[in-house]
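> Dropping a structure here in structure tokens format, bear with me for questions.
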Amino acid sequence: MDHRTESRIADVILYGSVAAMLVFFYIPILTLVAFSFTDSRFLSFPIEDFSLRWYGALFENRDFLPALGNSALVAAVSTLLSTILGTAAALAWMRFRFRFQRVFQAVTFAPLLFPQLLLGVVMLLWFSVLGNWLDFSPGLVTVILGHGVYIIPFTLVIVAVQIHGFDDTLEDAARDAGATRWQVFREITLPLLWPGIVSAAVFAFLLSWGNFYISYSLSGTARTLPTFVFSGIAVGSSPIYPALATLTFVPALLLVVAADGFRRHAAKRNRMVLHTEEN
Amino acid sequence: MKRLRKSWRDPALILAVAPAGLLMTAFFVVPLVMTALLSFQGTKYYRLVWTWNLDVWSDVFSQAHYWTIMGRTVWMSGLCVALCVILGLPIAYAMATRLKSLENHITILIVFAFLTDAVLKTFGWVLFLDRTGVFNGMLTLVGFPPGATDLLFGPGATMIGMVYNLLPYTIFTIYLSMVRIDRDLILAAYDAGASKTRTFFEVTLPLARPGIYAGAILVFVLSLGVFLEPKVMGGGTSPMAAELIRQSFETRVNWPLGAALTLVVIGIGMVSLGLAALVVRNRLQGQDLQGQGGQV
């Protein structure tokens with residue numbers, strides 16, 4: 001086989017596999033979007049007539065609104081919690097050396113190696129025992145704590161990657177110029193890590209927003225959007241769910257696009273700062 | 001970058017370590033210990049009683065039914081790992097070598113799909129694979145009889161769902177180890193007259209091993225606990241370990257049993273992690289020796 005045909009075959013396989021993967025990843029998402037516009041009661045293909053009927057039905061019965069509110073609240077608080085704690089932990093991982101560092105690393109990373117359902121179950125057992133002692137029942141607070149445990153390893157890794165490419169001579173320069181520790185952190189360290197922190201926050205928000213397993217275990221009687229949809233489709237696939245699904249995709253998509261725009265902007269700004277300082 | 005040696009008396013260290021450390025201890029480590037303790041208790045009339053005996057464990061080890069399901073779970077997870085690695089390799093390689101300009105966009109597309117609500121994605125698959133769903137509808141359009149495939153509610157559909165949810169892990173770990181490969185090594189192989197295929201299998205693939213191993217381990221341990229796919233897509237006909245655990249908590253309200261089964265799954269995961277670590281260490285040491293031999 002000569003080199004021309006060999007690289008042509010390789011190109012077909014490689015480009016083909018990426019294209020096939022993208023189709024594969026978007027099959028269920030696009031299926032839901034398509035079915036959200038059906039006019040029929042039955043979710044079967046081909047779709048005969050298109051209409052906004054099920055969006056109308058969705059806004060008429062509004063059963064999903066409490067779940068939507070809970071999801072938004074849980075996602076907002078968990079994002080804040082896991083981004084701040086993950087960033088602090090990443091700094092300790094990457095920049096400090098201290099006694100029991102290994103233990104700290106193991107404990108903060110291990111949840112990533114746990115299937116979510118098991119994490120949820122294990123925490124549910126603990127919260128139930130605690131609840132018996134202290135007289136509370138699982139609810140949104142336990143969901144938020146559970147999301148924190150699940151998401152912190154992700155935010156930690158994302159921020160740690162940003163720290164890995166970090167240039168610490170700028171910090172030395174600021175210290176030499178007489179800045180205090182807090183000033184160095186606020187004026188130099190944080191701005192340089194900002195792109196990683198924002199990516200981590202976006203990841204955290206979406207992981208919490210779309211989380212099923214942990215919310216399912218820990219939410220008690222409260223419902224978030226994923227558990228609301230799960231209890232709905234478990235009894236039979238009502239045609240309002242594709243419409244609800246499509247509506248939840250929109251904020252997630254906007255967030256991802258906005259975050260990418262921000263990341264590029266910040267990367268450019270950091271390059272410019274470094275460039276002007278070199279001159 | 002230098003690492004600063006910090007004493008535990010330094011407030012900066014406490015500030016960085018304490019919040020995450022305490023949260024993980026209180027809501028991850030302690031619950032694990034609690035789960036272990038609970039597996040030695042009993043239940044009476046759907047209530048937990050603190051008995052301290054091995055009844056639950058002897059029940060777990062004497063019931064063949066549990067081990068059939070555990071065996072199926074390990075087999076499905078192994079198959080899922082194999083598929084995720086085989087499918088992830090060409091994709092990661094293409095992203096690392098061919099699609100530099102589009103790489104960012106592709107990453108965002110993968111991340112968005114990965115982070116979308118798993119319940120909704122699973123439901124989307126149901127609508128796609130259903131007898132009257134999109135896939136069969138498309139097959140009818142090109143001339144197949146209606147309802148040509150009947151994938152939904154079987155182990156095949158479960159596997160599609162598992163690969164769907166876990167493939168991003170192998171793509172990213174393999175990709176990360178492939179972009180780190182020194183381009184000169186590949187060019188050297190070409191100079192020495194190796195074909196592209198041969199270079200891929202003899203240079204790129206061995207150097208990408210850390211990413212392959214990491215991805216495989218992640219996919220394996222995570223697939224031990226899948227619940228939505230066998231339940232919603234597999235139709236509950238061939239339950240996996242997570243379903244067993246859910247039943248013992250919710251249907252049978254037997255917490256000690258649920259705790260013991262949870263520990264069995266965690267145990268399977270840890271044993272395979274340990275074995276994988278051993279194999280990887282041996283392999284990588286072998287590689288180092290070979291590399292040194294080459295230099296001498």
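> Roughly how tilted is helix A:190-209, in degrees to the nearest 10 and between 0 and 90, from the longest Cα axis of chain A?
On a 0 to 90 degree scale, this one is about 20.
> Let me check the size of the stretch B:1-106 from its C-alpha atoms; what are the radius of gyration and Dmax in Å?
Rg then Dmax for the stretch B:1-106, in Å: 24.2, 64.
> Same structure, new question: Take the solvent-accessible surface of the protein heavy atoms, probe 1.4 Å, and return the percent of it on chain B that carbon and sulfur atoms account for.
66 percent
> Please give every one of the lysines within straight-line cross-link reach of B:Lys196, meaning a C-alpha to C-alpha distance under 21 Å, and leave out same-chain neighbours fewer than 8 residues apart.
Correct list for B:Lys196: B:Lys100.
> Also, I was wondering about something else. Using Cα positions and a limit of under 18 Å, work out the lysines in reach of B:Lys231, with same-chain residues fewer than 8 apart set aside.
Within reach: B:Lys121.
> Any aspartates and glutamates with Cα under 18 Å of the B:Lys6 Cα? List them, leaving off those in the same chain fewer than 8 positions away.
List returned: A:Asp168, A:Glu171, A:Asp172.
> Here is a further query. If you take all C-alpha pairs in the stretch A:168-279, what percent of them are over 23 Å apart?
For the stretch A:168-279, the fraction of Cα-Cα distances above 23 Å is 53 percent.
> Taking the Cα centroid of the stretch B:131-153 and of the stretch B:57-85, what is the distance between the two, rounded to the nearest whole Å?
Each part reduced to its Cα centre gives a spacing of 32 Å.
> Roughly how big is the B-A contact, given as buried accessible area in Å² (both sides, 1.4 Å probe, nearest 100)?
8500 Å²
> Of all GluC sites (Glu not before Pro) in the stretch A:1-97, which ones are in loop regions per DSSP and have a Cβ with at most 10 other Cβ atoms within 10 Å?
A:Glu48
> Next question. Which shape class applies to chain A: rounded if a/c is under 1.5, otherwise prolate when a/b exceeds b/c and oblate if not, where a ≥ b ≥ c are the square roots of the Cα gyration tensor eigenvalues?
Oblate shape, in that a/c is at least 1.5 and b/c is the bigger or equal ratio.
> What trypsin sites (Lys or Arg not before Pro) in the stretch B:76-123 are in a loop by DSSP, with at most 12 other Cβ atoms within 10 Å of the Cβ?
Hits after loop and neighbour filter: B:Lys100.
> Here's another thing I want to ask about it. State the Cα centre-to-centre distance between the stretch B:1-36 and the stretch B:213-247 in whole Å.
Centre-to-centre (Cα) distance: 31 Å.
> Follow-up. For chain A, what % of the accessible area comes from carbon and sulfur atoms, probe 1.4 Å?
Ligands and nucleic acids excluded, carbon and sulfur give 66 percent.
> Contour minus end-to-end for B:Thr149 and B:His65, with contour as 0.36 nm per residue of separation and end-to-end as the Cα-Cα distance?
27.2 nm
> How much length would be gained if the chain were fully extended between B:Thr237 and B:Arg283, taking 0.36 nm per residue of separation minus their Cα-Cα distance, in nm to one decimal?
Gain on extension, B:Thr237 to B:Arg283, equals 12.6 nm.
> Roughly how many debye, to the nearest 20, is the charge dipole of the stretch B:18-122 about its Cα centre, given +1 on each Lys and Arg Cβ, -1 on each Asp and Glu Cβ, and no other charges?
Value, rounded to 20: 160 debye.
> Taking 8 Å as the Cα distance limit and 6 or more residues as the minimum spacing, I'd like the relative contact order of the stretch B:1-141 as a percentage.
Relative CO of the stretch B:1-141 lands at 7 percent.
> Return the residues of the stretch B:209-246 for which accessible area with all protein chains present is lower than in the chain on its own by 10 Å² or more; set the probe to 1.4 Å and exclude ligands, DNA and RNA.
Buried by 10 Å² or more upon assembly, which counts only protein chains, are B:Leu218, B:Val221, B:Leu222, B:Gly225, B:Phe227, B:Leu228, B:Lys231, B:Val232, B:Ala242, B:Ile245, B:Arg246.
> Which distance in Å, rounded to a whole number, links the C-alpha centroids of the stretch A:165-205 and the stretch A:67-92?
If we compute the Cα centre of each part, the gap is 20 Å.
> Measuring from a point 7 Å past the Cα of B:Leu79 along Cα-to-C-beta, which residues in the stretch B:212-228 have an amide N at less than 18 Å?
Answer for the stretch B:212-228: B:219-228.
> Restricting things to alpha carbons, tell me how big the stretch B:72-281 is in terms of Rg and Dmax, in Å.
Rg, Dmax (Cα atoms, Å): 20.3, 67.
> Separate question: Let me check against my output: what whole-number percent is the relative contact order of chain B, with C-alpha pairs under 8 Å and at least 6 apart?
That works out to 25 percent.
> Quick one: putting +1 on the C-beta of Lys and Arg, -1 on the C-beta of Asp and Glu, what dipole do you get for chain B around its Cα centre, in Debye to the nearest 20?
For chain B, the charge dipole is close to 680 debye.
> Mind listing which chymotrypsin sites (Phe, Trp or Tyr not before Pro) in the stretch A:1-83 are in a DSSP loop and have 15 or fewer other Cβ atoms within 10 Å?
Filter output for the stretch A:1-83: A:Phe42.
> Which helices of chain B meet both criteria: a Cα extent of 27 Å or more along the helical axis and a mean Kyte-Doolittle score no lower than -1.0, with helices taken as whole DSSP H segments?
B:64-97, B:155-179, B:255-295
> Return the average number of partner chain Cβ atoms within 10 angstrom of each residue Cβ along peptide A:172-185.
Other-chain Cβ atoms within 10 Å of each residue's Cβ, averaged: 0.
> Would you work out which of A:Leu170, A:Phe205, A:Ala67 lies farthest towards the positive end of the dipole of the stretch A:62-278, given +1 charges on the beta-carbon of Lys and Arg and -1 on that of Asp and Glu, about the Cα centre?
A:Ala67
> Right, next: Quick one: order B:Leu222, A:Leu253, A:Leu118 from most to least accessible surface, probe 1.4 Å.
Most to least solvent-accessible, the answer reads A:Leu253, B:Leu222, A:Leu118.
> Calculate the mean, over all residues of peptide A:241-251, of how many other protein chain Cβ atoms lie within 10 angstrom of the residue's Cβ.
Across the residues of A:241-251, the mean count of other-chain Cβ atoms within 10 Å is 2.
> Once R0 is set to 30 Å, what does the formula 1/(1 + (r/R0)^6) return for the Cβ-Cβ distance between B:Ser58 and B:Val271, expressed as a FRET efficiency to the nearest 0.05?
0.90
> Right, another one. Run the dipole for the stretch B:146-296 about the Cα centre, Lys and Arg Cβ at +1, Asp and Glu Cβ at -1, nothing else charged, and hand back the magnitude in debye, nearest 20.
For this selection, approximately 140 debye.
> If you roll a 1.4 Å probe over the heavy atoms of the protein chains, what accessible area per residue do you get for the protein assembly as shown, in Å²?
48 Å²
> Restricted to Cα positions, what overall size does the protein assembly as shown have along the principal axes? Three whole-Å values, descending.
69, 66, 52
> If you don't mind, there's one more thing I want to ask. I'd like the mean, over residues of A:222-229, of how many other protein chain beta carbons sit within 10 Å of each residue's own Cβ.
Per residue, the number of nearby Cβ atoms from other chains is 2 on average.
> Would you mind checking the tilt of helix A:225-235 against the longest principal axis of the Cα atoms of chain A, expressed as 0 to 90 degrees and rounded to 10?
Roughly 30 degrees, rounded to the nearest 10.
The values are calculated or read from the model by the stated rules, or taken from the named source; none is laboratory data. Not measured: the values here are computed from a predicted model. Cβ atoms come from the backbone with ideal geometry, glycine included; neighbour counts cover every protein chain shown. Heads up: the accessible areas ignore ligands, DNA and RNA and are worked out on the full protein's heavy atoms, side chains in. Shrake-Rupley method; radii C 1.70, N 1.55, O 1.52, S 1.80 Å.
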